[in-house]
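The values are calculated or read from the model by the stated rules, or taken from the named source; none is laboratory data. This structure is a prediction, so every number in the text was calculated from the model and none was measured. Backbone-built Cβ (ideal geometry, glycine too); neighbour counts: all protein chains shown.
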Amino acid sequence: MTHKEVQQIAKNTMQVLSQTVCPGMTERELADIADKSLREQGIVSYWYHGLPALLFAGERTILSQSADEYDSTDYAFKENDIITIDLSPEVDGVWSDYARTLVLQDGKVTETAMLREGEFRNGLEAEDKLHAFLVDKARPDMSFSQLHIEIEACLTSLGYKNLDFLKNFGHSIPENVPSGSFRELENDRRTFFDTKNHSNLSSVRFFTFEPHICMHGGKFGYKREDIYTFENGRLTAI
């Protein structure tokens, strides 16, 4: 199975979650639905610490932590609420990494353009602007560190800050990783999208862009993650 095919499974599951989530449901229940959906599509393992979904809701969306410190909770979603969901299925060493922020408005997940003006809509629009900026600026011979600096400046100009506990914007997607072998800080073959990585973007076949952001003075975090690769010299999400 290809990276694009595994990523499509994650996208399918995110669609299931957006159609299923409702007020009164808990983080734990929604994570179980993610697991069920992924398994129904043939996924039997998850590369990131065995978690089907790293899921936060409400003011917990501002949290940034490693999955080995994470557990979903019995927080019940409200009529107007926010949920960040990060999926990490893998098939035979082929990883997916896909995240979205879902906003409940009047009890239903609502697309950005249909949201009322306010912090939730502004946050989702900021994520879209960052991804558009990435595609516009990225070139194969540009270094991750150089691009990180430019994205950080764009983020600041939008009035947001980076919440990631490692201060990166993503990482490479290693290929042919044995199932269950990933161990953060111990057996981590990823290179990071940060100011310390001076290698060119073309040094890896795939990398993620996953800005986890918060408005300065805001209470909520936003996340959107896609896997990118260069096609004919232009950065493209798979």
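A few points about this structure:
- Residue match in the stretch 84-104 (condition: within 27 Å of Phe207 (Cβ to Cβ) and surrounded by fewer than 16 Cβ atoms within 10 Å (Cβ to Cβ)): yes
- Close pairs from the stretch 54-74: first within 21 Å of Cys22 (Cβ to Cβ), partner among the small types (Gly, Ala, Ser) and at pLDDT 95 or above, Cβ under 7 Å, at least 6 apart: Leu55/Ala31; Thr61/Gly221; Ser72/Ala31
- Of all residues assigned to the stretch 14-26, at least one qualifies as being part of a helix (DSSP H, G or I), farther than 19 Å from Lys223 by Cβ and touching a residue at least 60 places away in the same chain (Cβ under 8 Å).
- Scan of the stretch 155-168 for residues that are in contact with a strand residue (DSSP E or B) (Cβ under 6 Å, 6 or more places away or on another chain) and either assigned to a helix (DSSP H, G or I) or under 23 Å from Thr229 (Cβ atoms) (or both), ordered by number: Asp164, Asn168
- Selected residue (criterion: surrounded by the fewest Cβ atoms within 10 Å (Cβ to Cβ)) from residues of the stretch 109-157 that are hydrophobic (A, V, I, L, M, F, W, C) and touching a Ser or Thr at 6+ places or on another chain (Cβ under 6 Å): Val109
- One residue stands out among those in the stretch 187-238 that are acidic (Asp, Glu) and out of contact with any strand residue (DSSP E or B) (no Cβ under 7 Å at 6 or more places or on another chain): the one that is nearest to Lys4 (Cα to Cα), which is Glu231.
Condition check ((1) modelled with pLDDT under 95; (2) of a type outside the set (Phe, Trp, Tyr); (3) surrounded by 15 or more Cβ atoms within 10 Å (Cβ to Cβ)) across all residues:
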| site | (1), (2), (3) |
| --- | --- |
| Arg189 | yes, yes, no |
| Phe193 | no, no, yes |
| Asn197 | no, yes, yes |
| Asn200 | no, yes, yes |
| Thr208 | no, yes, yes |
| Pro211 | no, yes, yes |
| Arg224 | no, yes, yes |
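- Only listed residue being at pLDDT below 95 and either farther than 30 Å from Asn232 by Cα or touching a Pro at 6+ places or on another chain (Cβ under 6 Å) (or both), chosen from Gly123, Gly180, Gly107: Gly180
- Residue in the stretch 18-33 that is of a type in the set (A, V, I, L, M), closer than 26 Å to Thr229 by Cα, modelled with pLDDT of 95 or more and crowded, with 17+ Cβ neighbours inside 10 Å present: no
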